[in-house]
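The values are calculated or read from the model by the stated rules, or taken from the named source; none is laboratory data. These numbers come from a predicted model, not from an experiment. Cβ: placed from backbone, ideal geometry, glycine included. Neighbour counts: every protein chain shown.
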Amino acid sequence: DVQMTQSLSYLAASPGESVSISCKASKSISNYLAWYQQKPGEAYKLLIYSGSTLQSGTPSRFSGSGSGTDFTLTIRSLEPEDFGLYYCQQYYEKPHTFGSGTKLEIK
Amino acid sequence: EVQLVESGGGLVQPGRSLKLSCVASGFTFSNYGMNWIRQAPGKGLEWVAYISSGSSYIYYAETVKGRFTISRDNAKNTLYLQMTSLRSEDTALYYCARRDYYFDYWGQGVMVTVSS
């Protein structure tokens, strides 16, 4: 199985700051990578797919980059509603696997 | 508005069975592949099973293969997960999610607890 590693399990930042969340695959997955956000009491929300394509409704302050094994989710100018859990997921091959998540909290 | 609503969870003894349902609305259910994904308490996400729009293609995680069966009724806009020979490690929040590769809509999840 492709292992997805999110090296940072926790990240604290202030509104207005920019943050980057990394995700590394154990083998090349081309750009078959998605990013999700989860907030307490809410359903998981797809933010980005194909490594860098914003899902409809995802604010433009979110961006995704990378291909192969290394990927980054960047959030520019954090808004209060951006705080929560972020997961990456590869869909290059089955089983589709997820990273362990990065919790973004308010500093 | 796309909605996915899971039901059927609960407390079950090891070795017993349980059937989860996911009712879809707000989109043409028969056009989309569907998945079950789970999250054990304090753990990460694990994809469990996939079924194509017409049920022609079905895939399972190795951890559930032979014990779980995914199915769907397109006339009822409903996705199912029949779980048998349940183990304590199957304890998790189970989500249904839409689409073949990445998952664009998720339900809120239903809790399954396997314990004696």
task = For region A:74-94, name all the residues that are in contact (Cβ under 8 Å) with a residue 12 or more places away in the chain and closer than 17 Å to A:SER30 by Cβ.
result = A:CYS88, A:GLN89, A:GLN90, A:TYR91, A:TYR92, A:GLU93
query = For region A:29-42, which residues satisfy the criterion of being touching a residue at least 60 places away in the same chain (Cβ under 8 Å) and over 20 Å from B:ARG98 (Cα atoms)?
reply = A:ILE29, A:SER30
query = Conditions: (1) under 29 Å from A:SER50 (Cβ atoms); (2) surrounded by fewer than 22 Cβ atoms within 10 Å (Cβ to Cβ); (3) within 14 Å of chain A (Cβ to nearest Cβ). B:SER56 meets all but one. Number of the miss?
reply = (3)
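Would you check if there is a residue in region B:94-109 being of a type outside the set (S, T, N, Q) and more than 28 Å from A:SER50 (Cα to Cα)?
No, because not a single residue in region B:94-109 is of a type outside the set (S, T, N, Q) and more than 28 Å from A:SER50 (Cα to Cα).
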note = Among (1) closer than 27 Å to B:GLU6 by Cα; (2) without any contact (Cβ under 8 Å) to a residue 12 or more places away in the chain, A:LEU47 falls short only on (2)
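Among strands (runs of 3 or more DSSP E) lying entirely in chain B, which contain 2 or more residues that are of a type outside the set (Phe, Trp, Tyr)? So that I can check it myself, show each step before the final result.
Numbers: elements: B:3-7, B:10-12, B:18-25, B:34-39, B:45-51, B:58-60, B:68-73, B:78-83, B:92-98, B:110-114.
Per the criteria, B:3-7, B:10-12, B:18-25, B:34-39, B:45-51, B:68-73, B:78-83, B:92-98, B:110-114.
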query = Within the group A:LYS45, A:LYS107, which residue is surrounded by fewer than 19 Cβ atoms within 10 Å (Cβ to Cβ) and within 12 Å of chain B (Cβ to nearest Cβ)?
reply = A:LYS45
ask   = Within region A:86-97, which residues are surrounded by fewer than 21 Cβ atoms within 10 Å (Cβ to Cβ) and either within 11 Å of the chain's Cα centre (by Cα) or more than 10 Å from chain B (Cβ to nearest Cβ) (or both)?
value = A:GLU93
request  = Specify the residue that is farthest from B:PHE103 (Cα to Cα); the eligible residues are those in region B:3-51 that are of a type in the set (Val, Ile, Thr) and within 10 Å of chain A (Cβ to nearest Cβ).
outcome  = B:VAL48
request  = Specify which of the listed residues (A:SER30, A:SER26, A:SER56) is within 10 Å of another protein chain (Cβ to nearest Cβ) and modelled with pLDDT of 95 or more.
outcome  = A:SER56
inquiry  = When you scan region B:17-33, do you find a residue that is among the basic types (Lys, Arg) and either buried (at least 19 other Cβ atoms within 10 Å of the Cβ) or in contact with a helix residue (DSSP H, G or I) (Cβ under 8 Å, 6 or more places away or on another chain) (or both), even just one?
reply    = no
task = For A:ILE21, work out the one condition from (1) under 19 Å from B:TRP106 (Cβ atoms); (2) surrounded by 16 or more Cβ atoms within 10 Å (Cβ to Cβ) it doesn't fulfil.
result = (1)
Where B:GLU89 falls short, out of the listed (1) under 21 Å from A:TYR87 (Cβ atoms); (2) without any contact (Cβ under 8 Å) to a residue 40 or more places away in the chain = (2)
note = Looking across region B:61-79 at residues that are among the aliphatic types (A, V, I, L, M) and either within 14 Å of chain A (Cβ to nearest Cβ) or in contact with a helix residue (DSSP H, G or I) (Cβ under 6 Å, 6 or more places away or on another chain) (or both), the single one that is nearest to B:ALA24 (Cα to Cα) is B:ILE70
inquiry  = Take the conditions without any contact (Cβ under 8 Å) to a residue 60 or more places away in the chain and of a type outside the set (Ser, Thr, Tyr) and apply them to B:GLU6. Does it pass?
reply    = no
inquiry  = For B:GLN82, only one of the following conditions fails: (1) within 14 Å of chain A (Cβ to nearest Cβ); (2) touching a residue at least 40 places away in the same chain (Cβ under 8 Å); (3) of a type outside the set (Phe, Trp, Tyr). What is its number?
reply    = (1)
